[in-house]
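J.: I'd like to ask some things about the structure below.
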Amino acid sequence: MSAYVVFTRTKTIDQKELEKYRTGIKATMKDHPIEVLVADGKHEVLEGDPIEGMVIVKFPSVKAAKDWIYSEAYQNVAKHRKHGAIYHGLIVEGVS
């Protein structure tokens, strides 16, 4: 069953750290079955607190999503995301 990783950025803290993250992220995807569906596109918040941006990526399974998220390559780059902004992240299963 497909799975989606969703990150919402609520507040930028350090733009230079975010740029390091954005520069390094693509290389972490090389050996993983990732389909980027949304990457900080124009958005409108319909309910809840405002956000600055959102990323949604699709995987064939929750295991595949976790394999990428917990990979050494992604974790080495993710530290820049964590220093650069406040994010909420989650994995959600698709519908069968």
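J.: Being surrounded by fewer than 12 Cβ atoms within 10 Å (Cβ to Cβ) and of a type in the set (A, V, I, L, M) narrows it down to one residue among Val45, Val62, Val38, Val55; which is it?
T.: So the residue among Val45, Val62, Val38, Val55 that is surrounded by fewer than 12 Cβ atoms within 10 Å (Cβ to Cβ) and of a type in the set (A, V, I, L, M) is Val45.
The rows are residues; the columns are (1) under 17 Å from His88 (Cβ atoms); (2) modelled with pLDDT of 95 or more.
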| position | (1), (2) |
| --- | --- |
| Glu17 | no, yes |
| Gly24 | no, yes |
| Asp31 | no, no |
| Val36 | no, yes |
| Gly41 | no, no |
| Ile51 | yes, yes |
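J.: What pairs come up if the first residue lies in segment 14-35 and is farther than 14 Å from His83 by Cβ, the second is modelled with pLDDT of 95 or more and part of a loop (DSSP other than H, G, I, E, B), and their beta carbons are under 7 Å apart, counting only those six or more places apart or on different chains?
T.: Between residues of segment 14-35 that are farther than 14 Å from His83 by Cβ and residues that are modelled with pLDDT of 95 or more and part of a loop (DSSP other than H, G, I, E, B), the close pairs are Thr28/Ser71; Pro33/Pro60.
J.: Across segment 37-81, what is the number of residues that are hydrophobic (A, V, I, L, M, F, W, C), in contact (Cβ under 8 Å) with a residue 24 or more places away in the chain and in contact with a strand residue (DSSP E or B) (Cβ under 9 Å, 6 or more places away or on another chain)?
T.: 12
J.: Output the residue which, of all residues in segment 1-32 that are touching a Leu at 6+ places or on another chain (Cβ under 9 Å) and within 15 Å of Ile69 (Cβ to Cβ), is surrounded by the fewest Cβ atoms within 10 Å (Cβ to Cβ).
T.: Only one residue tops the list, namely Val6.
The values are calculated or read from the model by the stated rules, or taken from the named source; none is laboratory data. Please read all numbers here as calculations on a predicted model, not as lab measurements. Here Cβ is always computed from backbone atoms with ideal geometry, including for glycine, and neighbour counts include all displayed protein chains.
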